[in-house]
Each structure stands twice: as structure tokens, then as C-alpha cells.
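Participant: Got a structure for you, questions after.
The values are calculated or read from the model by the stated rules, or taken from the named source; none is laboratory data. It should be emphasised that the depicted structure is a prediction, and the values quoted were computed from it without experimental measurement. Every residue, glycine among them, receives a Cβ derived from its backbone with ideal geometry; neighbour counts consider all protein chains shown.
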Amino acid sequence: MQLTILGCYGPYANHGNACSGYLLRGLDNHSLMLDCGSGVLSQIPDAFPLDKLDGLILSHLHADHCADALTLPHLLQFAEWNQGRDPLPLLLPDGPENLASYFFSNPWYDAMAFDEYQEFIIKHWHITCMEVRHPVPTYAVRIWHEAEPGFAFVYTGDTNIHPPLVQLCMNADFLLADAAILLSEWSEGYPHMSASHAGGLASFAKVKRLMLTHLRPLADPQIYLAEAGKLFLNVEIAKPRMFINMSTAR
Ligand SMILES: [Zn+2]
């Protein structure tokens with residue numbers, strides 16, 4: 001499975017970059033988009049085979065994770081490859097109601113609401129979700145693809161520490177984790193966990209590889225890396241336009 005970072009900043013992006021948006025690509029070349037925050041569509045390489053995009057998952061309905069999902073229907077409307085195709089499968093939380101209703105009523109999407117512990121199947125992708133801790137309904141997802149059944153990828157979405165996440169992440173090959181802040185900024189009521197907590201989660205869950213994401217654009221990545229690295233060695237930081245062949249990293 002491959003991962004392309006379309007955007008990794010939050011809660012806003014600086015010049016030329018984007019907020020949360022990730023493309024997973026299976027061994028059959030089909031892809032799944034995770035989050036589609038502000039600026040994400042502008043970061044999709046022209047050569048990327050969007051005609052093999054199987055679906056979109058929105059972890060939650062904050063603008064840094066879903067703003068460009070409001071304009072994606074226009075891409076679908078005008079793209080030559082999409083003419084005559086079925087609506088794009090979309091998995092998302094059913095709230096907040098004002099935004100969710102846009103997605104559930106948009107004819108370019110075939111929208112389904114997350115349901116805790118239910119396994120969703122989009123083409124050959126298998127998705128298990130878990131509601132996490134953020135001010136709006138937010139879900140972490142564990143994903144595997146039928147072309148590579150032994151490989152498990154987990155994305156935490158945005159969340160404060162949430163002990164059941166260890167179970168969702170257990171033995172995953174690759175964990176993409178919210179690390180929006182440092183431990184010194186963290187509090188029980190904060191909407192995000194820290195780089196240190198992400199390292200702890202990776203360690204408890206015995207994942208093979210950890211990638212930190214959702215940094216503020218001007219944050220110094222090395223400080224976050226050092227903080228998470230105290231608890232988990234195989235850690236790196238998401239960078240814009242990064243491409244990772246995750247299967248070879250096992
Ligand atoms: Zn966010």
C-alpha cells in the first residue's frame with residue numbers, strides 16, 4: 001500500500017500547502033482518499049489516476065478536514081473520466097447536521113455514516129472505525145486492502161488521548177497519528193493529543209511505523225519528532241507531497 005501526503009497541516013495551511021488530505025493506493029492501483037481539507041484538491045498531481053479513486057473518507061467535518069470535499073463534486077461533474085460513473089462512495093460522521101446534510105444530499109456522493117465497530121467495504125478496501133475524542137463527531141479508521149490482506153494502516157483523525165485507540169491500532173503496519181501539539185501544550189480538554197502521546201500510542205499498540213501529522217505550518221518538526229521519539233523509535237513526520245511505499249517498510 002502506498003501513501004501520498006496531499007496536505008498535513010492544521011488547523012490552516014500556509015502558502016502552497018494544504019490541510020489534511022491523504023491518498024492511499026493499493027497494489028491494484030486503486031486509491032482511497034482520507035480527508036479532503038482546505039487546499040487538498042490543488043495538491044493532487046495531474047498524473048494521478050483519479051479514475052481509479054474508489055472513495056473518500058472524512059474523519060470529521062471541520063474545515064481543515066472537509067473544506068475541499070465541498071468542491072470535489074465540481075471536479076466529479078467536469079472530469080471526463082467521471083462521465084456516466086456512479087456517485088463517489090463517501091464515508092463520514094452524521095454530524096454536525098448542517099454540514100453533514102450537504103454531503104448526504106449531494107448527488108455526486110454516495111454517502112454512508114460511520115457506525116462504531118462496523119466494517120465498511122468500499123470496492124476492495126475494508127474499513128473499521130472507532131469514534132475518538134474531538135469537539136465534533138470524529139472517527140479513527142483502520143484500513144486494509146484485499147490485494148494485500150496482511151497490511152494494516154491506521155489513521156487517528158483528530159483526537160485527544162483515547163485509550164480504546166490502542167485496540168484499533170494494535171499491531172498495525174503504519175500509524176498516521178494526530179500530533180498537533182507538544183506535551184507542554186496539552187490538557188485534558190484539548191482537542192488533540194501531543195507528539196508524546198502519539199509516540200506512546202504507537203508503543204502500546206506495537207505498531208511497526210509511526211508518522212506524525214497535523215502540525216501547525218510554522219512548527220519546528222524536529223521538536224515533535226524528538227518528543228515522540230522518546231517513546232517510539234520508528235517515527236517520522238508527514239511533509240507536503242511526500243510519497244511513501246508503506247509495504248516495503250515492514
Ligand atoms: Zn484538524
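Participant: Out of LEU56, LEU6, LEU34, LEU24, which single residue is buried (at least 20 other Cβ atoms within 10 Å of the Cβ) and either touching a helix residue (DSSP H, G or I) at 6+ places or on another chain (Cβ under 6 Å) or at pLDDT below 95 (or both)?
Facilitator: Details: LEU56 fails: either touching a helix residue (DSSP H, G or I) at 6+ places or on another chain (Cβ under 6 Å) or at pLDDT below 95 (or both); LEU34 fails: either touching a helix residue (DSSP H, G or I) at 6+ places or on another chain (Cβ under 6 Å) or at pLDDT below 95 (or both); LEU24 fails: either touching a helix residue (DSSP H, G or I) at 6+ places or on another chain (Cβ under 6 Å) or at pLDDT below 95 (or both).
Of the residues listed, the single one that is buried (at least 20 other Cβ atoms within 10 Å of the Cβ) and either touching a helix residue (DSSP H, G or I) at 6+ places or on another chain (Cβ under 6 Å) or at pLDDT below 95 (or both) is LEU6.
Participant: Would you please name the residue that is nearest to the ligand (Cβ to nearest atom), looking only at residues in the stretch 38-53 that are of a type in the set (A, V, I, L, M, F, W, C) and touching a helix residue (DSSP H, G or I) at 6+ places or on another chain (Cβ under 8 Å)?
Facilitator: If we take residues in the stretch 38-53 being of a type in the set (A, V, I, L, M, F, W, C) and touching a helix residue (DSSP H, G or I) at 6+ places or on another chain (Cβ under 8 Å), then VAL40 is nearest to the ligand (Cβ to nearest atom).
Participant: Please determine, by comparing only the residues of the stretch 182-206 that are hydrophobic (A, V, I, L, M, F, W, C) and buried (at least 24 other Cβ atoms within 10 Å of the Cβ), which one is farthest from MET1 (Cα to Cα). Reasoning before the result, please.
Facilitator: Of all residues in the stretch 182-206, those hydrophobic (A, V, I, L, M, F, W, C) come to 182-183, 186, 193, 195, 198, 201-202, 204-205.
Pick out the ones that are also buried (at least 24 other Cβ atoms within 10 Å of the Cβ) and you get 193, 195, 198, 201-202.
Values: MET193: 26, ALA195: 25, ALA198: 22, LEU201: 22, ALA202: 19 Å.
Among those that are hydrophobic (A, V, I, L, M, F, W, C) and buried (at least 24 other Cβ atoms within 10 Å of the Cβ), it is MET193.
Participant: Can you tell me which residues in the stretch 18-32 are more than 13 Å from the ligand (Cβ to nearest atom) and touching a strand residue (DSSP E or B) at 6+ places or on another chain (Cβ under 6 Å)?
Facilitator: Of everything in the stretch 18-32, those that are more than 13 Å from the ligand (Cβ to nearest atom) and touching a strand residue (DSSP E or B) at 6+ places or on another chain (Cβ under 6 Å) turn out to be LEU23, LEU24, ARG25, GLY26, LEU27, HIS30, SER31, LEU32.
Participant: Which of the numbered conditions does ASP35 fail, given that it passes all the others? Conditions: (1) away from the ligand (no atom under 16 Å from the Cβ); (2) in a strand (DSSP E or B); (3) on the phi > 0 side of the Ramachandran plot.
Facilitator: (1)
Participant: Suppose the filter is at pLDDT 95 or above, in a strand (DSSP E or B) and either farther than 15 Å from GLY157 by Cα or not β-branched (Val, Ile, Thr) (or both); does PRO73 pass it?
Facilitator: On the way: at pLDDT 95 or above: yes; in a strand (DSSP E or B): no; either farther than 15 Å from GLY157 by Cα or not β-branched (Val, Ile, Thr) (or both): yes.
When the stated conditions are applied, PRO73 does not pass them.
Participant: Another question, then. Tell me, please, whether a residue that is within 15 Å of the chain's Cα centre (by Cα), within 16 Å of the ligand (Cβ to nearest atom) and more than 24 Å from GLY189 (Cβ to Cβ) can be found in the stretch 143-158.
Facilitator: No.
Participant: Now for a separate question. Please specify each residue of the stretch 101-131 satisfying the condition of being in a loop (DSSP other than H, G, I, E, B) and either touching a His at 6+ places or on another chain (Cβ under 8 Å) or at pLDDT below 95 (or both).
Facilitator: In the first step, residues of the stretch 101-131 are kept if they are in a loop (DSSP other than H, G, I, E, B); the result is 106-108, 114-118, 123-124.
Scanning the stretch 101-131 gives ASP115, GLU116, TYR117, GLN118, LYS123, HIS124.
Participant: To continue, here is another question. Tell me the strands (runs of 3 or more DSSP E) entirely within the stretch 175-245 that contain at least 3 residues that are within 23 Å of ASN14 (Cβ to Cβ) and either within 16 Å of the ligand (Cβ to nearest atom) or aromatic (Phe, Trp, Tyr) (or both).
Facilitator: Values: elements: 210-213, 235-237, 243-245.
Once the strands (runs of 3 or more DSSP E) in the stretch 175-245 are filtered for at least 3 residues that are within 23 Å of ASN14 (Cβ to Cβ) and either within 16 Å of the ligand (Cβ to nearest atom) or aromatic (Phe, Trp, Tyr) (or both), what remains is 210-213.
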